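S.K.: Once you've had a glance at the structure underneath, I'll fire off some questions.
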Amino acid sequence: MESVLSFVKSFVKAKKIVIDSFVCRIHHKASVILLLACSILVTAKQYVGDPIDCIGISKNDIPTELLDTYCWIHSTFSVQKGWNKKVGVEVPYPGVDKYTEGDKRIHHTYYQWVCFMLMIQAGFFYIPHWFWKCMEGSRVKNLMLGLDNPILSEDAKNENKKLLVKYFQDNRKNHVLYFTAFIVSEISNFVNVIVQIFLVDKFLQGEFSNYGHKVLQFRDWDWTANYNPMLKVFPRMTKCTFNTYGSSGDIQRYDTLCVLPINIINEKIYVILWFWFLTVAVLTGLSLVYRFCTFFIARLRYKSIILLNRLVDPDDLGLVIENYGIGDLFLLHLLSKNIDEVNFSELIKDLSTEFTENEGRKFL
């Protein structure tokens with residue numbers, strides 16, 4: 001548990017070097033923190049608290065602890081016909097009804113796996129960022145050359161700018177793979193969140209895809225209501241069948257009622273996750289549309305840099321955008337997030353000047 005908390009703490013801690021977009025950070029930072037925090041919360045209740053309490057018809061014959069352990073391991077169930085009956089008159093609780101052979105039962109086993117599922121999901125949300133970090137190879141960090149410091153000495157600043165200008169000249173239009181790797185990571189983010197929605201829907205027996213929508217539509221929050229979308233997915237009271245030998249050696253069957261306090265937490269977690277996944281999916285989709293638009297529209301590439309640094313000379317930036325490749329401009333865009341504004345505007349001016357001078361020499 002301590003190692004997990006340390007891992008979460010490392011995510012919360014702000015990092016000085018930015019190598020991706022805000023939407024990407026929602027995936028590998030905010031989503032991972034949310035999922036790990038939910039996993040820790042469920043784990044604390046599930047393995048430290050009391051996740052299930054069962055009572056039997058013959059309480060003296062079967063120890064309560066035995067019933068709790070058995071029903072937790074072998075799952076509990078609701079009877080489908082019990083969802084349409086009046087609580088307090090026909091059934092004691094929604095889904096809790098007398099079971100006879102042939103009645104449809106809905107088994108609830110997923111609550112045992114919620115903490116593990118959340119942790120696995122957190123890992124999947126981090127994978128695209130891990131891929132991008134490997135492909136990025138600390139390039140932005142190495143190219144900053146101390147230019148993030150606004151009080152760098154003039155000699156050191158000029159020398160470092162000269163090195164950076166030479167790097168971009170020598171590697172002009174050679175950052176296509178670099179840019180492509182980032183696009184792949186962004187697409188992976190979008191695919192991942194969509195796949196996560198379908199996986200959770202499968203995990204919750206098809207109830208997750210419209211879970212949040214049903215919760216929003218539900219108005220009667222009295223606990224005696226016949227239908228409650230959260231109670232149906234995460235029932236707080238269920239049934240469990242326990243078979244044992246009687247005094248004469250015959251098989252005796254006990255129907256027990258089980259209270260699941262853990263589901264009070266689970267139902268809230270998955271409401272939050274429904275809205276979170278939906279929001280993240282929409283934001284990621286819009287981010288991808290914007291990314292592909294910048295690929296085809298030079299004006300958007302210009303705006304993406306000028307909005308981050310208004311000190312940049314528009315003419316110099318226009319010349320750089322016109323003569324450098326999309327991968328080069330993407331790298332410059334990342335540098336603009338990390339380098340001091342004055343130093344970055346001077347870098348753009350130097351790139352423009354050096355390019356103009358080099359082109360002029362070709363015609364001499």
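S.K.: Filtering region 178-214 down to residues that are outside any helix (DSSP H, G or I) and in contact (Cβ under 8 Å) with a residue 60 or more places away in the chain, which residue is surrounded by the most Cβ atoms within 10 Å (Cβ to Cβ)?
M.R.: Phe208
S.K.: If you don't mind, there's one more thing I want to ask. Any idea how many residues of region 204-218 are within 17 Å of the chain's Cα centre (by Cα) and of a type in the set (A, V, I, L, M, F, W, C)?
M.R.: Total meeting the criteria: 1.
Quick grid of which residues meet (1) within 16 Å of Glu186 (Cβ to Cβ); (2) under 23 Å from the mean Cα position of the chain (by Cα); (3) surrounded by fewer than 19 Cβ atoms within 10 Å (Cβ to Cβ):
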| position | (1), (2), (3) |
| --- | --- |
| Cys258 | no, no, no |
| Gly285 | yes, yes, yes |
| Tyr290 | yes, yes, yes |
| Ser304 | yes, no, yes |
| Leu307 | no, no, yes |
| Leu311 | no, no, yes |
| Asp315 | no, no, yes |
| Val320 | no, no, no |
| Asn323 | no, no, yes |
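S.K.: Let me ask something else. Answer with yes or no whether Leu164 is buried (at least 18 other Cβ atoms within 10 Å of the Cβ), over 17 Å from the mean Cα position of the chain (by Cα) and farther than 20 Å from Ile26 by Cα.
M.R.: yes
S.K.: Is at least one residue of region 319-331 in contact (Cβ under 8 Å) with a residue 60 or more places away in the chain and among the aliphatic types (A, V, I, L, M)?
M.R.: Yes, there is a match, as at least one residue in region 319-331 is in contact (Cβ under 8 Å) with a residue 60 or more places away in the chain and among the aliphatic types (A, V, I, L, M).
S.K.: Given the conditions (1) over 28 Å from Leu118 (Cα atoms); (2) surrounded by 12 or more Cβ atoms within 10 Å (Cβ to Cβ); (3) modelled with pLDDT of 75 or more, and given that Thr43 satisfies all but one, which numbered condition is not satisfied?
M.R.: That leaves (1) as the condition not met.
S.K.: For Asp350, state whether it is assigned to a helix (DSSP H, G or I) and either under 19 Å from Phe179 (Cα atoms) or free of Cβ contacts under 8 Å to residues at least 40 places away in the same chain (or both).
M.R.: Here the answer is no, as Asp350 does not meet what is asked.
S.K.: Listed residues Asp155, Asp148; which is acidic (Asp, Glu) and outside any helix (DSSP H, G or I)?
M.R.: None of the others qualify; the one that does is Asp148.
S.K.: Looking only at region 251-283, filter to residues that are among the β-branched types (Val, Ile, Thr) and out of contact with any Cys (no Cβ under 9 Å at 6 or more places or on another chain); which one of those is nearest to Gly212 (Cα to Cα)?
M.R.: The initial filter retains those residues of region 251-283 that are among the β-branched types (Val, Ile, Thr), namely 251, 256, 259, 262, 264-265, 269, 271-272, 279-280, 282.
Keeping just the survivors that are out of contact with any Cys (no Cβ under 9 Å at 6 or more places or on another chain) gives 251, 262, 264, 271, 279-280, 282.
Numbers: Ile251: 44, Ile262: 19, Ile264: 16, Val271: 6, Thr279: 12, Val280: 15, Val282: 16 Å.
Residue satisfying both the conditions and the ranking: Val271.
S.K.: Which of the residues spanning region 94-112 are in contact (Cβ under 8 Å) with a residue 40 or more places away in the chain, out of contact with any Gly (no Cβ under 8 Å at 6 or more places or on another chain) and under 14 Å from Leu260 (Cβ atoms)?
M.R.: His108, Tyr110, Tyr111, Gln112
S.K.: While we're on this one: Do you know which residues across region 69-106 are closer than 23 Å to Pro51 by Cβ, of a type in the set (A, V, I, L, M) and surrounded by 15 or more Cβ atoms within 10 Å (Cβ to Cβ)?
M.R.: Hits for region 69-106 are Val79, Val96, Ile106.
S.K.: Would you mention how many residues in region 128-170 are polar (S, T, N, Q) and touching a residue at least 40 places away in the same chain (Cβ under 8 Å)?
M.R.: 2
S.K.: Within region 160-169, identify whether any single residue is of a type in the set (D, E, K, R) and in a loop (DSSP other than H, G, I, E, B), and answer yes or no.
M.R.: Taking every residue of region 160-169 in turn, none turns out to be of a type in the set (D, E, K, R) and in a loop (DSSP other than H, G, I, E, B).
The values are calculated or read from the model by the stated rules, or taken from the named source; none is laboratory data. Quantities reported herein were computed from a predicted structural model and do not represent experimental measurements. Ideal geometry is used to build each Cβ from the backbone, glycine not excepted, and the neighbour counts take in all protein chains shown.
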